[in-house]
Every structure is written in C-alpha cells, then in structure tokens.
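I have placed the structure first, in the form of structure tokens, so that the comments after it can refer back to it.
The values are calculated or read from the model by the stated rules, or taken from the named source; none is laboratory data. This one's a predicted model, so the numbers in the text were calculated from it and none came from an experiment. Please note: Cβ atoms are built from the backbone with ideal geometry, for glycine as well, and neighbour counts cover all protein chains shown. SASA here: full protein model, heavy atoms, side chains in, ligands and nucleic acids out. Shrake-Rupley method; radii C 1.70, N 1.55, O 1.52, S 1.80 Å.
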Amino acid sequence: MSQMQSVEKQLREMILALEIGPGERLTERWIESRFGASRTPVRAALLRLETEGLICRDGRGWTVSPINLAELQQIAVYREAVEVAAVRLTCALEDRSAIDVIEAMLESCDGNTPREEWHRVGMDFHIELARLSGNEFLFRGVRDAMTRLSRARWLEVRDEAALGRAWAEHSAILDAARLGDADEATRRLSAHIVGSRERLVTSLANDRRGLRARGFAVVAA
C-alpha cells in the first residue's frame, strides 16, 4: 500500500467513525504529523476524499463535510431505485441459496452485540444483497451510497425497538427474495428505505442543537 493510500484509508476510517467530526477543520500539517507522511501523498489523499464528499475545501485548508439533511433525502431516492433493481435480479436467479449467508449475518447480532457491529451488519445487509444480483454497477452504487450514509447512521438515535424493527424488515425482505417473489421483495425493500430515511432525517433534524454542542455540523441544505 502506498503512502497516499495509507493516509486516505486511515482518514476515511476516522471520518466515518466520527473520530473526526462533521465540520471539523483539517490541516495538511496535522495530517502529515499524524500519519508520518509527506505533503504530496497527503494532498493526493485529500483530493480523493473530496471526490467522495467526505471533506471539502475551506479557504486554503480543509473541513470534514457537514452532514447534509437534503443529501440524505436524495441518497434515499437513489438507493430505492438502485436497490430495487438489484433485488429484482436476485429474485430472478435460479439459485438463491446465498441469501442464507446474509440471514446468518443478521442472526449473529443479539443483545450482547456492540453497537459498532449492529451498525456494520446493517450496512452490509444492503451491500451484500445488492452483490447477489450479479450486477457490478448496482453493487457499487449501493456500496457507495451506504458509505455516504455511514456517518449519519452513527448519529441516529436508535433504541432496541428501532433495531428490532429494522431487523424484522430485513428478514422479511430476505424471505420474499428467497421465494423469488420480486413484487413482494421490492415492496418491502422500498418501504424499509423510505421509513429509514424518514426516521433518520427526523432524528437528526430534532437533535441538531445537541449535535452542534458536540461539535458536529448538520445542515438542512
């Protein structure tokens, strides 16, 4: 792995895990010191992260991009179109036994599972379901969309009831896909994405003041 790739990878992980919060300023000098990297690979890494929307230019420096509520709405529309197309292809497969692997992934979470793992499995559910379609472009689209949502999903206020509802919806989607019932699978998937979007945006909008107090920038447009 090159120095640029190493810096890019570590910075991305820190941003997505909220170790560096939305709205926080970044300086090339701090990054160079933090990762023991020289200026050129640091600048190249920053440019890569800028194309992902994770950071943005701030004068002569950089800032971790705020969480944008309008963007979350747009991503949900995109996800619905792409994920529905992917699950229809999956339902049309002759061999859908790989769905069992995703179900086992869901069942690995229980009351003793750390929140970090619930977060990861919830992301992977959508990514791996899209992978089963066999369409590389749909898979990449879902993976990239879920990456863009990762920080916001970390900030979502979720209790046991919310987690239970999400997992029940995930299971119902898998049940329909396993039967090859494309109409039922897409109906349940669409309802899940729309419902998740509404809960996430409402939660973040209601908690903007508290998030600002923690140094996290959340904007409405």
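Brief remarks on what is shown
- Filter result for Ile67 (on the phi < 0 side of the Ramachandran plot, among the β-branched types (Val, Ile, Thr), touching a residue at least 60 places away in the same chain (Cβ under 8 Å) and crowded, with 16+ Cβ neighbours inside 10 Å): yes
- The residues on offer are Leu18, Leu89, and the sole one that is more than 30 Å from Thr186 (Cα to Cα) and either among the aliphatic types (A, V, I, L, M) or buried (at least 19 other Cβ atoms within 10 Å of the Cβ) (or both) is Leu18.
- Looking at Val201, Val194, just one residue is in a helix (DSSP H, G or I) and open to solvent by 30 Å² or more (accessible area, probe 1.4 Å), and that residue is Val194.
- Some residue of the stretch 149-169 being in contact with a strand residue (DSSP E or B) (Cβ under 8 Å, 6 or more places away or on another chain) and not basic (Lys, Arg): yes
- Filter result (open to solvent by less than 20 Å² (accessible area, probe 1.4 Å) and either of a type in the set (Lys, Arg) or within 17 Å of Gly180 (Cα to Cα) (or both)) within the stretch 121-136: Leu129, Ala130, Ser133
- Boolean, Arg188 is part of a helix (DSSP H, G or I), open to solvent by 20 Å² or more (accessible area, probe 1.4 Å) and either over 20 Å from Gln73 (Cα atoms) or of a type in the set (Ser, Thr, Tyr) (or both): no
- Some residue of the stretch 124-144 being at pLDDT 90 or above, polar (S, T, N, Q) and touching a Phe, Trp or Tyr at 6+ places or on another chain (Cβ under 9 Å): yes
- In the stretch 190-215, the residues that are in contact (Cβ under 8 Å) with a residue 60 or more places away in the chain form Cβ pairs under 8 Å with partners that are among the polar types (S, T, N, Q), at six or more places apart or across chains, as follows: Arg197/Gln73; Val201/Gln73.
- Close contacts from the stretch 80-108, counting a first residue that is over 14 Å from Phe125 (Cα atoms) and in a loop (DSSP other than H, G, I, E, B) and a second that is open to solvent by 60 Å² or more (accessible area, probe 1.4 Å) and not basic (Lys, Arg), with Cβ to Cβ under 9 Å and a gap of 6+ residues or different chains, come to Leu93/Gly134; Arg96/Leu179.
- The set of residues in the stretch 40-59 being in contact (Cβ under 8 Å) with a residue 40 or more places away in the chain and either touching a Lys or Arg at 6+ places or on another chain (Cβ under 7 Å) or among the aromatic types (Phe, Trp, Tyr) (or both) consists of Leu49, Gly53, Leu54.
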